[in-house]
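Notes follow the structure.
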């Protein structure tokens, strides 16, 4: 677990001056050669110096793949062919240890692997028949699973198989591949007093060194995202929705077809892949990032001696984040700037702070002004005040910072203009960028919610301290017309006392580790609005009658309503990662006592229950 405040003094930092530098792989170039219907590629496993924060000189010594005759790269060379292509791949193990290589085979037959001794070369021949997003990778230790935290290599690459007779180079130019990898020194330094130090990267770079992606307004965008790290990652896109077209693993890929859903956050377990599509329909700067906060924390930089509040007063996003973050800019095609409608509704939201006894970390909160007087600067509501908005109604929310910390507010899942998105020093267009909100200062956010649904608002500055301190809340957008369904809002979060090392997060339901009961009426359909905003844990949510798992009907994800064909009753057992919301319908037939059980997964599972009293 990452310890904030400890210097990242890596014992493996550039130990061999003769090692070649690993290049980054943006997957614009397909490795190997295709001649007379046969694809040939010569791969080599070798060691290299990896600079995840280039141009910073600090590096780590890792095993990587290289195309013979080319520099080693992270991720490994891109294999991309059309289905039906004959494959001839030669693999040489230039490492000093044996290696097990996975994924270099036809994927209609499941999975296969080969073991290469040090110095051994093997040639593999097969026909790539199954289209999809796959991966190849290798292991040099006895890690018990294919994606284990005991693995310290960067031996992985993409293996894409397009439909038969596809022009693969044109197909590759029309989409981007984003591969997530990770490294930690828990293997190299198991006795380190600081715990393992970690690096997270996308296409071989860690923010702020990741590639900046630029698109024109109106572009249709398609990405393949491969989580080839040892960790799970809920990947969140700011400002717009994306559609998940396919999900898979390194060995199998499934096109979702009519099951594809609109989301703003999609959870990728270790080894998971997805194909996603979205449209650049809003000009400005946006982010695509992991929503597990300690995977984007500013301490994830080689050599940084970052402390929990080192960068929260900075106005530059390059200071305030690290790790799994991609910056996206959507350029105008010359259209006039969007006109902001005159707000019919004005809200004032206060950032408050209450000192903790015994010099502990303070409690933070969002408190809505509900009358003519401001709330006290040390008043606390946990979770923050629920914001009730109306679909299509222009609204101004003035955020007033009465805390002692610099902060910013992100309106998670909301489709709005970039400058109001809440990433200080990044959100906006040109030089008109969102400011950090200093203590005593304020910022007016304007939005006109285009859809009804369940959303989140939360801090986007010093997230590890501020989010676990209490800066999060529910944002409900009501439809313009129609009778409301009885509802209950259930907010799932974490509370952590920093530093993290050796600590277990406290699982919170509606702001408490022992939450108050929720009342439901028998014979009435209720809408449960489930909101997961845990900082570091994913939540398994089950609806129970005693030990029996009940059933419910999911009707929305991340604020996007499901079409009627996707509204199917299912077992009431759902994983919700950080940054995901889900609306479900339940109809208790008779009075009784149910339980909503939430298992937080971050290290040892933590089970928290809230009683549902059906009357």
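The values are calculated or read from the model by the stated rules, or taken from the named source; none is laboratory data. Predicted model, so just to flag it, every value in this text is computed and none were measured. Here the Cβ is made from the backbone with ideal geometry for all residues, glycine too, and neighbour counts use every protein chain on show.
Quick check on my filter: what residues within the range 452-484 are surrounded by 15 or more Cβ atoms within 10 Å (Cβ to Cβ) and over 28 Å from residue 537 (Cβ atoms)?
Matches in the range 452-484: 452, 478.
Looking at this structure, is residue 167 within 22 Å of residue 178 (Cα to Cα), at pLDDT 95 or above and out of contact with any helix residue (DSSP H, G or I) (no Cβ under 6 Å at 6 or more places or on another chain)?
Taking the combined requirement at face value, the residue satisfies it.
Listed residues 133, 145, 123; which is outside the structural domain of residue 251 (by TED's automatic domain parsing), surrounded by fewer than 20 Cβ atoms within 10 Å (Cβ to Cβ) and more than 18 Å from residue 231 (Cα to Cα)?
Only one candidate passes the filter, namely 123.
Which residue is surrounded by the most Cβ atoms within 10 Å (Cβ to Cβ), if the candidates are limited to the range 55-78 and must be free of Cβ contacts under 8 Å to residues at least 40 places away in the same chain and touching a strand residue (DSSP E or B) at 6+ places or on another chain (Cβ under 8 Å)?
Filtering first and then ranking leaves 66.
On the given criteria, is residue 558 in contact with a strand residue (DSSP E or B) (Cβ under 6 Å, 6 or more places away or on another chain), without any contact (Cβ under 8 Å) to a residue 40 or more places away in the chain and closer than 24 Å to residue 292 by Cα?
no
Pick from 576, 612, 596: which is farther than 13 Å from residue 518 by Cα and either in contact with a strand residue (DSSP E or B) (Cβ under 6 Å, 6 or more places away or on another chain) or in contact (Cβ under 8 Å) with a residue 12 or more places away in the chain (or both)?
576
Inside the range 209-290, counting only strands (runs of 3 or more DSSP E) that do not spill past its ends, which hold 2 or more residues that are at pLDDT 95 or above and over 30 Å from residue 334 (Cα atoms)?
220-227, 233-237, 242-248, 253-255, 265-268, 273-279
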